[in-house]
1. If you count, for each residue, the other Cβ atoms within 10 Å and average over each peptide, how do 52-65, 171-184 line up from highest to lowest?
2. Can you tell me the FRET efficiency between T107 and Y60 if r is taken as the Cβ-Cβ distance and R0 is 30 Å, rounded to the nearest 0.05?
3. List the residues of the range 1-45 whose backbone N lies under 17 Å from a point placed 7 Å from the Cα of E53 along the Cα-to-Cβ direction.
4. Taking a cut-off of 23 Å, what percent of all Cα-Cα pairs in the chain are separated by more than that?
5. Tell me which of G85, F201, I50 sits at the most positive position along the dipole axis of the chain, charges placed on C-beta atoms (Lys, Arg +1; Asp, Glu -1).
6. For N216, project a label point 7 Å along Cα to C-beta. Then give me every residue of the range 1-25 with its amide nitrogen under 17 Å of that point.
7. Could you calculate the FRET efficiency of K204 with F160 from 1/(1 + (r/R0)^6), where r is the beta carbon distance between them and R0 is 25 Å, rounded to 0.05?
8. What's the FRET efficiency of K28 with K86 using the Cβ-Cβ distance as r and R₀ = 30 Å, to the nearest 0.05?
Amino acid sequence: MKNGFILINKPAGITSHDVVDKLREITKIKKIGHSGTLDPFATGLLILAISREATKKLSYFLKLDKEYIATLRLGAESDTFDKEGKIVKKEIKEIPTLKKIKNVLKTFLGEIEQIPPIFSAKKIKGKKAYDLARKGLKVKLKPQKVKIYEISILKYKFPFLKIKVKCSSGTYIRSLASDIGKKLNCGAYLENLIRTKIGEFSLKNAVSLSQLNSENWQNYLKDL
């Protein structure tokens, strides 16, 4: 079998498209696509479609709900909403308590309006927002409606807040981190991000990119 899907655990430091390129190199198959971009610093689940027949089904996976584990750094802000951007420390009058954080997180449950980061692949008149932002041009993106089904605290020790988020497709966890920081009056940006689920497909069943080679890749093909 030379067509199907492979669940990949994307490592940090490469783009989602780099993963596609690596799979093309390993499989010698040109028609490969992925199930939704992860930022270069992020890790976690990518669903790779191998062959033309499989890539035709990718739109189904793109629309599925997602689950993430995110680490926020409080007390500072970033122009990209993550650790890769220009960081500016915020003056904090009071370190947020666990109780205050819980109350703030509750306000994000359900359908919310979210403005995507200006350093994102969102398009404005056919051009990617991050290309315009890097040129120093003014970028204004429209709010979009997304759903947050669940948001829970896994660990908190200032300045780091680790949360689990279950959300709809199209949710920007970077924007969520920034918005949480604003509501806490202390600022926040995304320090770390792991995508743990796409629909019912789990990171637990994914293979690391380093494990794949030209001899074994077909062993990991699934007919999803």
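1. Taking the mean over residues of other Cβ atoms within 10 Å, the ranking is 171-184, 52-65.
2. That pair, T107 with Y60, gives E of 0.40.
3. 1-6, 29-33
4. 51
5. Working it through, the farthest residue towards the positive pole turns out to be G85.
6. 6-11, 23
7. 0.55
8. 0.15
None of the figures in this text is laboratory data; all of them are computed from the coordinates on show. Worth saying up front: this structure is predicted, and the values here are computed from it rather than measured. Ideal geometry is used to build each Cβ from the backbone, glycine not excepted, and the neighbour counts take in all protein chains shown.
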